[in-house]
Structures are given as structure tokens and as C-alpha cells.
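The values are calculated or read from the model by the stated rules, or taken from the named source; none is laboratory data. Predicted model, so just to flag it, every value in this text is computed and none were measured. Here the Cβ is made from the backbone with ideal geometry for all residues, glycine too, and neighbour counts use every protein chain on show. Heavy atoms of the whole protein, side chains included, go into the accessibility calculation; ligands, DNA and RNA do not. Shrake-Rupley method; radii C 1.70, N 1.55, O 1.52, S 1.80 Å.
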Amino acid sequence: AYTVGRPIRAVASQAGAVAAGAPVALTRTRGGAVREADELFEAIRAMAATLESRAGYIRAFATEVSHEFKTPLTAIRGALELLQDHAETMTEAERARFLGAALADVERLDRLVRRLLDLARAEAPGAAEGVSDVGAVARDVAAPFGATAGGPALRAAIAPEALRAVLGLLLDNVRQHAGEGARAWVTWREAEGGVEIEVRDDGRGVSAGNAARVFDRFFTTAREAGGTGLGLAIARGRVEAVGGRIGLREVERGACFVVWVRRAG
């Protein structure tokens, strides 16, 4: 009874601490005499690691969201307080300027909320599962952006709406950052047992300092133009949800985003 009970009591004690929210590092000095107890310990340790990772993600995300919301909210509050205290002595043009600034910040908050909902959907388990005809989706998405699309007949293990969203976000990134007159291409091929899709342009490219941050939530160099810094984070969430990956490939001119997903069929 002692041989069976001792390791189970030890695991139960640490599991209780984890359930209470304590950042407990589950440790085991030696294996138990009962194989099932060791298996239980390993399962709980894996669960604790997952919970701690998720808690860290939520803490970081909450900090980032509060920072992004704080700036426009502070600006709105300042504009409204000025109008409340001095509206009667302001000219019509001054009142219109403060109201316009407040409205612009409200619109930014609205864009942030919509993008956050898109990000939540992108990171939801199973949200992007399905099968896509890569050529059909890519050509359909590329046309409104004036991008050239081409590649062999391939099917990818990602839902058509998810692939459409990813390519649309990447091409919209080209529109925002590549510069006036930049051209874009969407190409795909079989690679590493899956499908590799490139979205490339001949524009300004991505600086070395920004290359490591472009997929970070809320990172943007187009904030004044309405950028939220969530587009590429959403694209990454969509791709990673189906076991794929997305990144930047170094090219001589412009920027080249590469998406890899498993091949279907």
C-alpha cells in the first residue's frame, strides 16, 4: 500500500498546487515502483506545462491589448474633456477638429476589436481544417490586388476560407508597405512533402530590424495609416492551426513571405 500510495500522494499534492494556480515546477527525484503512477506523473507534468504556457500567453496578450487600447482611449478622453470645458469658446473649426480626432480614435478601436475577433478565430482549434485547391483560391484572391498567380495543380490541407484569409492578409500587407507601383506575385509548388506558397513583391522590402518582428501582435509601421499590427499575426495563427508554418525568405529586392502547409490528396 505504501509503494502504491506514496507516489500517487506526491503527484496529487503537486497537481493540487497547479490547480490552485501556483507556478509549480513538477519534479520527480526517482521513478516509482508502480508504472501507472509514473505515467500519471508524466501526464500531469505535460498538462502543467501546457497550462503555464497558456497562462503566459494570456498575460502577455492582456498587456499588449491594454497598451493598444490605452492610447486611443486617452486621446478620446482628452478631446471630450476639452470640448466639455471649452466648447463654447471654441471656433467651429476647432470643435470639428477635436470631434474628428475623437471619431478617428473610435474607428481605430473598432478596427482593433474586429481584428482581435479574427485573431481569436484564427487560433481556435480546428478552425482552419479542410482541403483547398491552391490554384483556385490563389487566383481568386490575387485578382483584386492585381497580383500575378501561377503554379501547378495542388491541394493543401487547409480550409479554403482560411487559405483565402492568409493570402488576402499577405497581399494586403504588400499594398500597405511595398510602396506605390510595386508588383506582387503568388506562386506555389510542392516542397518537403507539402505545398509551399510564396507571396512576393518588388517593393521596399522589410528592414533587417523589422524582419524578426513582423509576425508579432500589434507590431506595425503603418499605425498612422490605420494599421493594427494584427494582420500577419492572424495569418500565422491560421497557418499554424493546421500544422503549417509561415515566414520571411530573404530576396534581393522586395519582400517574400513563404507559407508551408501539408499536401492533401
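Taking residue 194, is it in contact with a helix residue (DSSP H, G or I) (Cβ under 8 Å, 6 or more places away or on another chain), modelled with pLDDT of 85 or more and open to solvent by less than 60 Å² (accessible area, probe 1.4 Å)?
So residue 194 fails the test.
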Point to revise | strands (runs of 3 or more DSSP E) (entirely within region 147-208) containing at least 3 residues that are β-branched (Val, Ile, Thr) | key: 194-201
Practice item. Six or more apart or on different chains, Cβ under 6 Å: which pairs go from a residue in region 180-197 that's over 19 Å from residue 164 (Cβ atoms) to one that's in a strand (DSSP E or B)? Could you list them? Key: 182/201; 189/196
Review point. Could you list, in sequence order, the residues of region 215-265 that are at pLDDT 90 or above, within 16 Å of the chain's Cα centre (by Cα), more than 17 Å from residue 156 (Cα to Cα) and in a loop (DSSP other than H, G, I, E, B)?
Key: none
Study note, to complete from the structure: All-but-one check, residue 119 against (1) at pLDDT 90 or above; (2) closer than 28 Å to residue 255 by Cβ, failing number (1)
Practice item. Examine region 118-130 for a residue that is in contact with a Leu (Cβ under 6 Å, 6 or more places away or on another chain), of a type outside the set (A, V, I, L, M) and buried (at least 16 other Cβ atoms within 10 Å of the Cβ), and state whether such a residue exists. Key: no
Review point. Restricting attention to region 93-116, does a residue exist that is closer than 23 Å to residue 248 by Cα, of a type in the set (Gly, Ala, Ser) and assigned to a helix (DSSP H, G or I)?
Key: no
Revision key, fill the gap. Selection from region 155-172 of residues open to solvent by 10 Å² or more (accessible area, probe 1.4 Å) and closer than 17 Å to residue 145 by Cα yields 164, 165, 168, 169, 172
Study note, to complete from the structure: Taking region 80-111 and keeping residues open to solvent by less than 70 Å² (accessible area, probe 1.4 Å), in contact (Cβ under 8 Å) with a residue 24 or more places away in the chain and among the hydrophobic types (A, V, I, L, M, F, W, C) leaves 101, 102, 109
Point to revise | Odd one out for residue 172, checked against (1) touching a strand residue (DSSP E or B) at 6+ places or on another chain (Cβ under 6 Å); (2) at pLDDT below 95 | key: (1)
Point to revise | Residue identified as acidic (Asp, Glu) and at pLDDT below 75 among 52, 107, 88, 92 | key: 52
Practice item. Only one of these is among the basic types (Lys, Arg) and touching a helix residue (DSSP H, G or I) at 6+ places or on another chain (Cβ under 9 Å): 111, 115. Name it. Key: 115
